[in-house]
Amino acid sequence: MVSMQEFASYNPFDQHMCICDHGVCLDGKQEGEYEVYLYSVASFFVEVRYHSLTERADPMTIFKKGPCLERYLAEITLPAAL
């Protein structure tokens, strides 16, 4: 299992390969000209932003908690029955 520090030390290509091999896509959405995906990798999260027109990825955002995660949690709605 890869650690957050190990993942951060990878070059962008190896980070993408690690996401393909070990990541689980939790969310995907369109934000303006960007496609934004949230992945769970081991014990941390990675946000990947692809520019729709240039088809290039921005540097990945790697986090465990904080504002990046809270932004996704704010969009979750649970059924009233729970």
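Some points to look at:
- Counting only the Cα atoms, the chain fills a convex hull of 112 Å³ per residue.
- Here the gap between R56 and Y10, fully extended at 0.36 nm per residue and compared with their Cα-Cα distance, gives a gain of 14.8 nm.
- Computed about its Cα centre, the charge dipole of the chain is approximately 220 debye, with only Lys, Arg, Asp and Glu carrying charge at their Cβ.
- Förster radius 22 Å - calculated FRET efficiency between R71 and M17, Cβ distance, rounded to 0.05: 0.25
- Nearest-ten-degree value, helix 12-22 long axis tilted from longest Cα axis of the chain: 50 degrees
- Each Lys or Arg adds one and each Asp or Glu takes one away; over the other residues whose Cβ falls under 13 Å from the Cβ of V36, this sums to -4.
- Peptides 2-9, 42-49 ranked from most to least packed give 42-49, 2-9, packing being the mean of other C-beta atoms within 10 angstrom over each peptide's residues.
Here, each number is a calculation from the coordinates, and none is a lab measurement. Here the structure is a predicted model, which is why all the values come from computation and not from measurement. A quick note on method: Cβ atoms are made from the backbone with ideal geometry, for glycine too, and the neighbour counts reach across all protein chains shown.
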